[in-house]
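The values are calculated or read from the model by the stated rules, or taken from the named source; none is laboratory data. Predicted model, so just to flag it, every value in this text is computed and none were measured. Backbone-built Cβ (ideal geometry, glycine too); neighbour counts: all protein chains shown. Protein only, heavy atoms only, side chains kept; ligands, DNA and RNA dropped before computing areas. Shrake-Rupley method; radii C 1.70, N 1.55, O 1.52, S 1.80 Å.
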Amino acid sequence: MTNKEKFNIIYKHFARPIADMKITYNNSALTIEAGVVNSKVSKCFENLYKALEEQLNNYRQ
C-alpha cells in the first residue's frame, strides 16, 4: 500500500471525522447552551487530532 493510500484512509476515516466532532463539540450552540462542554473531552479531541496529524505528516514525506 502506498503512502498516498495510507494517508487517504487515515484522513477520510479518522482525521476529518475527529476534526468535525471536535469543532462541533466545542462550538455547537446545542452543547454550549446546554453547558455540556467538558474541558477534558475537548483536550482529548485536541490530542487525538494532533496524533493523527503527526501520522498524516509521516505519510506526506
Open item on the list: Restricting to DSSP H runs of at least four residues, report the calculated mean residue ellipticity at 222 nm for the chain, -39500 (n - 2.57) per run over all residues, nearest 500 deg cm²/dmol.
Closed with: -24500 deg cm²/dmol
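Over the chain, with the other protein chains present, what is the accessible area per residue in square angstrom, probe 1.4 angstrom?
On the way: 4700 Å² over 61 residues.
Accessible area per residue, the chain: 77 Å².
Once you keep just the Cα pairs under 8 angstrom separated by 6 or more residues, what percentage relative contact order results for the chain? If you can, show how the numbers build up before the last one.
Values: 31 pairs, mean separation 32.9, N = 61.
This gives 54 percent for the chain.
What FRET efficiency comes out for residue 55 versus residue 31 if R0 is 30 angstrom and r is the Cβ-Cβ distance? Round to the nearest 0.05. Display every interim value, and only then the final one.
Working: r = 27 Å, r/R0 = 0.91.
The calculated FRET efficiency here is 0.65.
Under a 1.4 angstrom probe, counting protein chains only, how are 48, 56 ranked by accessible area, largest first?
Descending accessible area places them as 48, 56.
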TODO: Show me 23-31, 9-17 ranked by packing, highest mean number of other Cβ atoms within 10 Å first.
DONE: 9-17, 23-31
Open item on the list: What is the percent carbon and sulfur in the accessible area of the chain, measuring with a 1.4 Å probe over the protein chains and ignoring ligands?
Closed with: 56 percent
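Note down the magnitude of the dipole of the chain about its Cα centre, charges +1 on Lys and Arg C-beta and -1 on Asp and Glu C-beta and zero elsewhere, to the nearest 20 debye. Working shown, then result.
Values: 9 positive and 6 negative charges, 38 e Å.
Magnitude of the dipole: close to 180 debye.
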TODO: Over all alpha-carbon pairs in the chain, figure out the percentage whose distance exceeds 16 Å.
DONE: 49 percent
